[in-house]
1. If you go through segment 31-78, how many residues are within 12 Å of V18 (Cα to Cα), in contact with a Ser or Thr (Cβ under 8 Å, 6 or more places away or on another chain) and assigned to a loop (DSSP other than H, G, I, E, B)?
2. For residues that are among the β-branched types (V, I, T) and in contact with a His (Cβ under 8 Å, 6 or more places away or on another chain), tally how many sit in segment 131-188.
3. Here are the criteria: (1) outside any helix (DSSP H, G or I); (2) within 16 Å of the ligand (Cβ to nearest atom); (3) without any contact (Cβ under 8 Å) to a residue 40 or more places away in the chain; (4) over 19 Å from L120 (Cα atoms). Tell me which single one G149 does not satisfy.
4. Just to be sure before I move on: is V308 crowded, with 20+ Cβ neighbours inside 10 Å and part of a helix (DSSP H, G or I) in the structure I sent?
5. Within the group A9, A88, which residue is assigned to a helix (DSSP H, G or I), touching a residue at least 40 places away in the same chain (Cβ under 8 Å) and within 16 Å of the ligand (Cβ to nearest atom)?
6. Return the pair list, or none, for Cβ contacts closer than 7 Å from residues in segment 187-208 that are more than 18 Å from V18 (Cβ to Cβ) to residues that are of a type in the set (S, T, Y) and more than 9 Å from the ligand (Cβ to nearest atom), at least 6 apart or on different chains.
7. Confirm whether M46 is within 16 Å of the ligand (Cβ to nearest atom), at pLDDT 95 or above and farther than 29 Å from E252 by Cα.
Amino acid sequence: MTPGPGFYARRLAQAGAVLAPMAGYSDAPMRQLAAEQGALWTVSEMISSRGLVLGGESEKLTLGRPYPGEQGRVVQLFGAEPDILAQAVGRAEAWFAPAALDLNMGCPVPKVKGRGGACLLQTPEVAYDLVRAMRAATPLDVSAKIRLGWDADRSVEVAQGLAAAGVSLITVHGRTSAQRYTGEADWDAIARVAASVAVPVVGSGDVRSAPQARARRKAGVAAVMIGRGAVGNPWLFRALATGEDTRPDARERARTALRHAQLHVAFYGADRFGLLSVRPLRKVLHQYLPDHPELREALVQVNTLEDVERALAPLWQGPPHPAPRPGPPPAEHEEHVALSAP
Ligand SMILES: Cc1cc2nc3c(=O)[nH]c(=O)nc-3n(C[C@H](O)[C@H](O)[C@H](O)COP(=O)(O)O)c2cc1C
């Protein structure tokens with residue numbers, strides 16, 4: 001699909017859910033697996049606009065670099081200075097081939113505070129300037145992803161201001177910044193935002209299954225975004241795109257876990273101790289196989305692709321075969337063969 005203005009509207013004409021931006025997770029390999037399973041679009045990990053413009057970054061920056069052939073990927077930027085964000089949009093567009101640009105207004109991490117992220121919820125007029133600067137810098141759709149507020153819900157006011165500043169879409173994570181990830185996402189608040197603006201609203205927070213996602217659509221949102229629930233479960237996107245809630249068996253899930261690791265090595269390059277290529281998946285691989293806790297210990301210690309294959313080997317081998325006994329008498333052996341015949 002050609003990127004350009006109207007990307008979100010075109011994608012929202014289809015059924016499905018959106019892969020959330022997640023620092024440390026929604027990198028190229030995870031986005032590829034989600035896109036293959038029918039995610040409506042995916043969002044990069046947040047990228048510092050200052051880093052892009054002033055930090056000597058290049059098109060090789062792995063946070064932004066697409067996988068070969070990637071389409072339908074939104075690049076998320078954070079920052080607080082309109083001129084820097086406008087330049088960052090230009091760089092992101094030239095280097096990373098995004099389908100649209102998103103402004104991070106939800107990151108509660110202290111180092112981001114004061115420079116953008118959820119801090120913008122305290123000074124939303126700064127965010128409106130940022131959106132205007134981003135829009136002036138690109139013909140692509142510009143969106144924003146907010147939390148409900150800093151420590152109290154002011155999401156309707158902020159969303160209306162963002163819509164007036166020209167965003168094409170707003171994503172709402174139904175928690176305040178002060179809440180971080182505690183408590184439950186407030187989908188009633190998300191529904192109030194969806195009802196208060198003309199632009200499409202995507203809802204985010206605590207969606208872990210396809211039936212749950214369908215129930216959340218009743219909040220009046222244009223689509224549901226899934227983050228943590230999609231780690232180790234790209235099939236959620238298939239279920240929501242097709243309406244068929246099928247989850248592959250353990251062997252198929254293990255094959256995808258291995259493929260995830262292979263995509264990591266292909267994207268980050270094979271490094272000697274797996275520091276960049278395989279180790280970051282220690283927190284991910286076991287989530288493909290929650291029903292096989294016996295594999296977890298090996299999966300959280302992998303350094304290489306061979307380690308991943310070895311850790312998953314019990315699943316390739318299928319049900320355990322009876323151990324051969326030393327020197328069985330011929331009759332017993334024949335009986336065994338006869339018993340295992342179909
Ligand atoms: C590890 C982690 C990293 C995240 N990084 C980002 C980010 O870079 N940008 C952003 O807008 N939200 C980020 N989020 C928030 C998610 O996009 C999402 O709104 C939130 O996790 C709630 O959805 P979930 O319950 O489906 O995970 C992050 C969340 C997690 C758990």
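1. Taking segment 31-78 and keeping what is within 12 Å of V18 (Cα to Cα), we get 31, 34-35, 37-44, 72-74.
Remaining after also requiring in contact with a Ser or Thr (Cβ under 8 Å, 6 or more places away or on another chain): 31, 34-35, 38, 42-44, 72-74.
Going one step further and asking which of them are assigned to a loop (DSSP other than H, G, I, E, B), we end up with 38, 44, 72.
Number of matching residues: 3.
2. Filtering segment 131-188 down to residues among the β-branched types (V, I, T) leaves 131, 138, 142, 146, 156, 158, 167, 170-172, 176, 182.
Within this subset, residues satisfying the condition of being in contact with a His (Cβ under 8 Å, 6 or more places away or on another chain) are 146.
The number of residues fulfilling the criteria is 1.
3. (4)
4. Working: crowded, with 20+ Cβ neighbours inside 10 Å: yes; part of a helix (DSSP H, G or I): yes.
Spelling it out, V308 is indeed crowded, with 20+ Cβ neighbours inside 10 Å and part of a helix (DSSP H, G or I).
5. Numbers: A9 fails: within 16 Å of the ligand (Cβ to nearest atom).
Criteria check complete, one pass: A88.
6. A189/S155
7. In short, yes.
Each row is one residue, and each column tells you yes or no for (1) away from the ligand (no atom under 11 Å from the Cβ); (2) of a type in the set (V, I, T).
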residue	(1), (2)
V207	no, yes
Q212	no, no
A219	yes, no
L240	yes, no
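The values are calculated or read from the model by the stated rules, or taken from the named source; none is laboratory data. Predicted model only: the values in this text are computed from it and were never measured. Backbone-built Cβ (ideal geometry, glycine too); neighbour counts: all protein chains shown.
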